[in-house]
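First up is the structure itself, then whatever we jot down about it.
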Amino acid sequence: MNAVDWEWLWRDVLLSALRWGLGLAAGVIAALVIALAYQSSSPRLRNCIEHAVDFVRAIPILAVVPFVAWWLGPRETGKMLIVALAAGCIISRAT
């Protein structure tokens, strides 16, 4: 039976939590910027923003994962982008 390396396990958990937190923060910031642009724009631009957000929301996040992995590789940036996209679309629509 293999022994569990607790130091590596906690390191991986902390890195995943940091990745999630940074991705969530990026999604919240992007959603707030979109919401502010939506509130202070003309009706024509408002309609374009609404359609763009609805289009991105309609894409399942699992469909974006292979594209991001291909585009950015296995780096942390891609993982945070996936979390930001998932959180940002929900928050911007709710705002």
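The values are calculated or read from the model by the stated rules, or taken from the named source; none is laboratory data. Everything numeric in this text was worked out from a predicted model, so none of it was measured. Every residue, glycine as well, gets a Cβ built from its backbone with ideal geometry; the counts of neighbours run over all protein chains shown. These accessible areas exclude ligands, DNA and RNA; they are computed on the full protein's heavy atoms, side chains included. Shrake-Rupley method; radii C 1.70, N 1.55, O 1.52, S 1.80 Å.
Descriptive notes on the structure:
- Accessible area expressed per residue, the chain, with surrounding protein chains retained (probe 1.4 Å, Å²): 76
- Distant alpha-carbon pairs in the chain (separation over 16 angstrom), percent: 63
- Computing FRET efficiency as 1/(1 + (r/R0)^6) for R11 and L62, where r is the C-beta to C-beta distance and R0 is 25 Å, gives about 0.40.
- Whole-percent carbon and sulfur share, accessible surface of the chain, 1.4 Å: 72
- D (Stokes-Einstein, µm²/s), Kirkwood Cα radius, region 46-92, 0.692 mPa s at 37 °C: 291
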